[in-house]
Each structure stands twice: as C-alpha cells, then as structure tokens.
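This report concerns only the one structure given below.
Laboratory data are not the source of any read-out in this text; all were calculated from the coordinates shown. Computed from a predicted structure; not experimentally measured. Methodologically, a virtual Cβ is constructed for each residue, glycine included, from the backbone with ideal geometry; neighbour enumeration extends over all protein chains shown.
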Amino acid sequence: MAPKPPATEFALDRQDREILRILQRDNKTPQRVIAEEVHLSAAAVQRRIAAMEAAGVIMKNVAIVDPEAVSATITSIVEVQLVDERASTVDRAKALFRDTPEVQQCFYVTGGVSCVLIIVAPNMRSYEGLTRRLFAQNEAVKSFRSLVALDRVKTDTSIVIP
C-alpha cells in the first residue's frame, strides 16, 4: 500500500488532538468511550476519525506484534553509507529498503551516513543473508554498520501531540 501524502493542511482542534491521544493508547477503544472522554457524540467522533484518516493525519490502523511471540529475535539498527548522494542512487536505495519486509523503519539522514534502518529478523542466519543482499552485494552501498540490540528497552509508536 502506498503511503498517504502528509497531512499538512488539516487543522486539528483540541478534541481532535484528544481523540488522537486516545487512539494512540488503544485504537480499539470504542467510539462511545472516546465520545464520553472528549464530550462529543459517538457519531461526531466517527466523523472526526474518518476525516483524519482521509486527510492522512491517521496513517494506518495496525496491530503491534510482540517480535518474540513470532520468533523474530534479532533487532538491528543499521547505518548505511551510500557510494554517493545522487538522487538516482538515493531513490534506488530507498525503494529497496521500503520494499524489504524485514526493514521495519528507514530514515534518510544527515551526519556522515546516508540511511539508518531498523531491521527485525527471525535469527542471525537470516539476518546475515539479508545484510548480504541489501548491503554487501549492493553496488550502491559503500559501507554499513550493524548495531544488534541486546534489549528492546523502549519501542513505542506514539508521538507527543501538543
């Protein structure tokens, strides 16, 4: 599924922001419960949620799965240095990383590396194969560095909503 465009022109009011805070805690919260908390009708909450989804403010509704429950035991933060920063090189790398299911997050960054990735894999053997395919055998990659997580101290998808 293609990502929705950023929601830059949608004006959030106090009640929209409170709805978002509630949904970030648990997006299965019944709309009637949300309505009570934000002092609106359930229908009004439903309309606001639909409008925020249509505008791209709410990008997805997903289940967050415990990696250990599905035997995805390797989490690695990977710094990738591309051979150059030409648009064509960067665009190809972004497309490859975006299309790789094990790449949970990818950031195009400044500061000495080109990209920082969060990768989740079931075991070290599959992680090694993935690094060979994505980095070692990729002519667009100059170098990469893996930082394998010892403990997932905090992994949260919520953002602070002012």
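Over the chain, how many pairs of lysines fall under 23 Å by alpha carbon, counting only those 8 or more apart in sequence or from different chains? Qualifying lysine pairs in the chain: 8. Around the Cα centre of segment 1-121, unit charges on the Cβ atoms of Lys, Arg, Asp and Glu (plus for the first two, minus for the last two) sum to a dipole of about 340 debye.
Can you figure out the FRET efficiency of R25 with D84, using R₀ = 41 Å and their beta-carbon distance, to the nearest 0.05? For R0 = 41 Å, the calculated efficiency reads 0.40.
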